[in-house]
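Here's the structure, in structure tokens; my notes come after.
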Amino acid sequence: MKLSKQQNGNVAIAVYGASGHTGKFVLSELARRGLKAVAVGRSAAKLVQTGIQAAEIREAFIEDANSLDRAFSGVAAVINCAGPFLDTADPVAAAALRAGAHYLDVTAEQGSALSTYETFDNDARQAGLVFIPAMGFYGGFADLLVSALLGDWVAVDDIRIGIALDSWHPTIGSRNTGKRNTARRLVVANGQLSPIPLPAAEQEWKFLPPFGLQHVIEQPFSEISVVNRHLRSIEVHTYLNETGHRDVHDPNTPPPVPADETGLSAQRFMVEVVVRKGNEARHISAFGRDIYAFTAPLVCEAVQQVLAGKARVHGAQAPGAVFGALEFLDALASDHLSFETLGV
């Protein structure tokens, strides 16, 4: 699904945090799709030095609302790639709303996603805009998998999300977010958002090959906030394998490095979801490469579908409420993702 050439030429998408690791992938993906990008950051000189792919470069400062208004003037959508999102999401989303632009970000922070839902839902709905926080690997991706798996089930008893990484080399942005995001994480327990029990639960998870049996530790990300936004389940829990957990918590783990000319790292991931209702269970497993790079086609597919008029609802929403989940995942499958479902 692509916009017409005429639309492609006229529609501008602002990428805030364009010089960051994920922002560069997003700009490249927008260019690959023939979409006009406006790169926005604190330093135009730095953006030029990085050799970014953008039709225009603009400066803006998170503490300066007027500069954000200038940066987003005339754009149809804003993609926020600048963390920590606890600091950037509200001012960038507010500026997008003033500009009459759709807003998407890629936060893994539960508090940030919850704030976007609570603060902007009504105003975005009234303006006919779509605001989607956490439209990245952590958050929106799991929500799309869960939504695809539920199918005709309106409410379920239990949702378990398992994430297996063969390594996790965190970016500087991830490091900064970890320092800033000190709130106790939330899960859904007994149908309510609740603080995660401590110490975190540990168990064994049998992933599909090539990961196989993995020791996992409960570590919820923004997908808990996102799934709970529109789906009904008594329990929702996320588990990260021991390798990923160890790497990201080790201050000596280096940042990601490109493995080839595409700029992607060699990292491989698998996300599995198991949903149970009574005695029935459904399972979906997705496999791909480089969690940071994979966020780019996720958020770019979302913005492209929104601009093409495919959003089913307006306001601050979860991706599974905005899009047809299976159709969305199918759009990614050929280039970025392989997945299979059982029991649907």
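The values are calculated or read from the model by the stated rules, or taken from the named source; none is laboratory data. Just so you know, these numbers come straight off a predicted model, no measurement behind them. Here the Cβ is made from the backbone with ideal geometry for all residues, glycine too, and neighbour counts use every protein chain on show. Heavy atoms of the whole protein, side chains included, go into the accessibility calculation; ligands, DNA and RNA do not. Shrake-Rupley method; radii C 1.70, N 1.55, O 1.52, S 1.80 Å.
For this structure, a couple of remarks:
- Positive-end extreme of charge dipole, the chain - chosen from T182, G320, S19 (charges on Cβ): S19
- Mean residue ellipticity (222 nm) of the chain, computed from DSSP H runs ≥ 4 via -39,500 (n - 2.57), nearest 500: -11000 deg cm²/dmol
- Prolate/oblate/rounded call for segment 48-154, Cα gyration tensor, a/c under 1.5 rounded: prolate
- Between the exposed loop cleavage positions of the chain, defined as trypsin sites (Lys or Arg not before Pro) in a non-H, G, I, E, B DSSP state with at most 12 neighbouring beta-carbon atoms within 10 angstrom, the longest gap is 3-183.
- V257/N176 FRET efficiency (R0 22 Å; Cβ-Cβ; nearest 0.05): 0.70
- Comparing Cα centroids, segment 283-344 and segment 68-147 end up 16 angstrom apart.
- Positive-end residue, the chain charge dipole about Cα centroid, Cβ charges, pick of L307, F294, P220: L307
- Amide proton proximity set for V187, modelled H, under 5 Å, gap of 5+: S194, I196
- Near-label residues of segment 154-189 by backbone N, under 18 Å of a point 7 Å along Cα→Cβ of H215: 163-168
- Cut-off of 10 Å, at most 10 other beta carbons, DSSP loop: longest stretch of the chain lacking such GluC sites (Glu not before Pro): 64-260
- What the Cα atoms of the chain give is an Rg and a Dmax of 18.9, 59 Å.
- For segment 214-324, accessible area per residue (1.4 Å probe, heavy atoms of protein chains only), Å²: 36
- Counting 0.36 nm for each residue step from S167 to Q126 and taking away their Cα separation leaves a gain of 10.4 nm.
- Computed E for R98/L208 - FRET, C-beta separation, R0 51 angstrom, nearest 0.05: 0.65
- The apolar share of the surface of the chain, taken as the fraction of accessible area on carbon and sulfur atoms (1.4 Å probe, ligands and nucleic acids excluded), comes to 50 percent.
- Computed on the Cα trace of segment 136-287, the radius of gyration divided by the Kirkwood hydrodynamic radius gives Rg/Rh = 0.97.
- A Förster radius of 30 Å combined with the Cβ-Cβ distance from V154 to A333 puts the calculated FRET efficiency at roughly 0.70.
- Length gained on full extension, T50 to D64, computed as 0.36 nm times the residue gap minus the Cα-Cα distance: 2.7 nm.
- Rounded, prolate or oblate (a/c below 1.5 giving rounded, otherwise prolate when a/b exceeds b/c) for segment 229-344 by Cα gyration tensor: oblate
- Packing, as the average of other Cβ atoms within 10 Å across residues, places the peptides 141-152, 187-198 in the order 141-152, 187-198, highest first.
- Residues within the reach of a label modelled at R312 (point 7 angstrom out along Cα to beta-carbon, backbone nitrogen below 18 Å), restricted to segment 217-241, are 226-233.
- Average accessible surface area per residue within segment 57-206, 1.4 Å rolling probe, Å²: 40
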